[in-house]
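To start, the structure itself, in structure tokens.
What follows draws every value from the coordinates through simple rules; no lab data is involved. Quick caveat: nothing in here was measured; it's all calculated off a predicted structure. Cβ: placed from backbone, ideal geometry, glycine included. Neighbour counts: every protein chain shown.
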Amino acid sequence: MTDTKITAAQKENLLSFMEDHSYFAKDKLPINNLSEIDEIEDLIKNEEIFNELVHFLYLVGGENYVRMVNSVMKKLLRHEVAVKFSGVGKKCPSAI
């Protein structure tokens, strides 16, 4: 059985490639406003687009779960959008 793990450098190269060529990374992320959330939700109903987003976010990664979540959130949402939410569900914009 072959080891299929990729090195950190390979992962970084893939992420760089995805940022240059991914539909999401180039055109849709990070989300700039609340109305774009609805647009993304509609797009990811398509399985192929959903899988592309999952793969892109997987490549963002992190050294541990906390850093991974922070890195993924930074790729997904601009700060101005992220502050409208809370990690425990206390804040939720009425537009959603």
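Quick one: which residues, 5+ away or cross-chain, put their amide H under 5 Å from the amide H of LEU77? H built at 1.01 Å from N.
Long-range HN contacts for LEU77: ILE31.
What full-extension length gain, to one decimal in nm, is calculated for LYS45 and THR7 as 0.36 nm per residue of separation minus the Cα-Cα distance? Write out the running numbers ahead of the final one.
Values: separation 38, 0.36 × 38 = 13.68 nm, distance 3.14 nm.
Difference between extended and current length: 10.5 nm.
In whole Hz, what ³J(HN,Hα) sequence does the stretch 40-49 give by Karplus (6.51, -1.76, 1.60; θ = phi - 60°), x for Gly and Pro?
Taking θ as phi minus 60°, the curve returns 5, 4, 5, 5, 7, 5, 7, 4, 5, 5 Hz for the stretch 40-49.
For the pair HIS79 and ASP38, what calculated FRET efficiency results from E = 1/(1 + (r/R0)^6), where r is the Cβ-Cβ distance and R0 = 25 Å, to the nearest 0.05?
Details: r = 20 Å, r/R0 = 0.79.
It comes out at approximately 0.80.
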